[in-house]
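Here it is: the structure, laid out below.
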């Protein structure tokens, strides 16, 4: 019974720590990020943590809504041999 209570308390503490959100702070004694070439100021925390378009591309192809026959592909050749 005690093991179950300890496990439940550990699980509750672990899940409670998951939702903690606060502003990022630099590590004490660590140098700040390098200023990119051509920039006049170092990037902010928001800029460093926001993915650019290449890291998170938008889907541009249309998903199939129903089964359709594919058009023939001239380059769909069988493997050699």
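Taking the options 41, 66, name whichever one is over 29 Å from residue 22 (Cβ atoms) and assigned to a loop (DSSP other than H, G, I, E, B).
Only one candidate qualifies: 66.
Regarding residue 61, is this residue in a loop (DSSP other than H, G, I, E, B) and at pLDDT 80 or above?
no
Quick one: what pairs do we get from the range 21-37, first residue free of Cβ contacts under 8 Å to residues at least 60 places away in the same chain and at negative phi, second surrounded by 10 or more Cβ atoms within 10 Å (Cβ to Cβ) and not in a loop (DSSP other than H, G, I, E, B), C-beta under 9 Å, 6+ apart or different chains?
Cβ pairs passing all conditions: 23/45; 24/45; 24/48; 25/45; 33/48.
Another question about this same structure. I'd like to verify a number: residues in the range 1-50 that are touching a helix residue (DSSP H, G or I) at 6+ places or on another chain (Cβ under 8 Å) and modelled with pLDDT of 75 or more, how many?
Looking only at the range 1-50, we keep the residues that are touching a helix residue (DSSP H, G or I) at 6+ places or on another chain (Cβ under 8 Å), and these are 23-24, 33.
Narrowing further to those that are modelled with pLDDT of 75 or more: 33.
Summing the residues that are touching a helix residue (DSSP H, G or I) at 6+ places or on another chain (Cβ under 8 Å) and modelled with pLDDT of 75 or more in the range 1-50 gives 1.
The values are calculated or read from the model by the stated rules, or taken from the named source; none is laboratory data. Bear in mind that the values here come from a model prediction, so they are computed numbers and not experimental data. For neighbour counting, all protein chains shown are included, and Cβ atoms are generated from backbone atoms with ideal geometry for every residue, glycine included.
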